[in-house]
């Protein structure tokens with residue numbers, strides 16, 4: 001998935017890890033990072049390197065990462 005057009009297809013799509021952990025929905029794509037957002041009340045964001053992407057099936061973006069590993073990329077948001 002090196003083409004910009006292909007990366008735009010993952011916007012607002014669900015992201016999951018190897019162990020089916022929910023990483024939220026893709027919110028932003030940068031040169032080397034993907035930002036996902038999870039939750040309605042207790043919101044979290046994940047800032048993950050593109051190199052961790054395994055595949056995209058048209059609906060779900062799969063990451064080569066497990067729930068325990070994903071914690072290092074999580075940023076909790078403050079409630080407003």
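Please treat every number below as a calculation from the coordinates, not as lab data. The structure displayed is predicted, hence computed values, not measured ones. Heads up, the Cβs are rebuilt from the backbone with ideal geometry, glycines too, and the neighbour counts pull from every protein chain shown.
Mind jotting down a quarter of the surface of the convex hull over the alpha carbons of the range 39-80, in square nanometres, one decimal?
3.7 nm²
Over the chain, with a single point scatterer placed on each C-alpha, what log10 of the ratio I(q)/I(0) does the Debye formula yield at q = 0.27 1/Å?
For the requested q values the scattering log ratios are -1.45.
Using Cβ counts within 10 Å as a stand-in for footprinting exposure, how do 55, 44 rank, fewest first?
Fewest-to-most Cβ neighbours within 10 Å comes out as 55, 44.
Using 7 Å Cα-to-Cβ label points, what is the residue 6/residue 67 separation (nm, one decimal)?
Roughly 3.1 nm, to one decimal.
Fully extended, how many nm does the chain gain between residue 13 and residue 59 (0.36 nm per residue separation, minus their Cα-Cα distance)? Display every interim value, and only then the final one.
Numbers: separation 46, 0.36 × 46 = 16.56 nm, distance 0.60 nm.
Full extension from residue 13 to residue 59 adds 16.0 nm.
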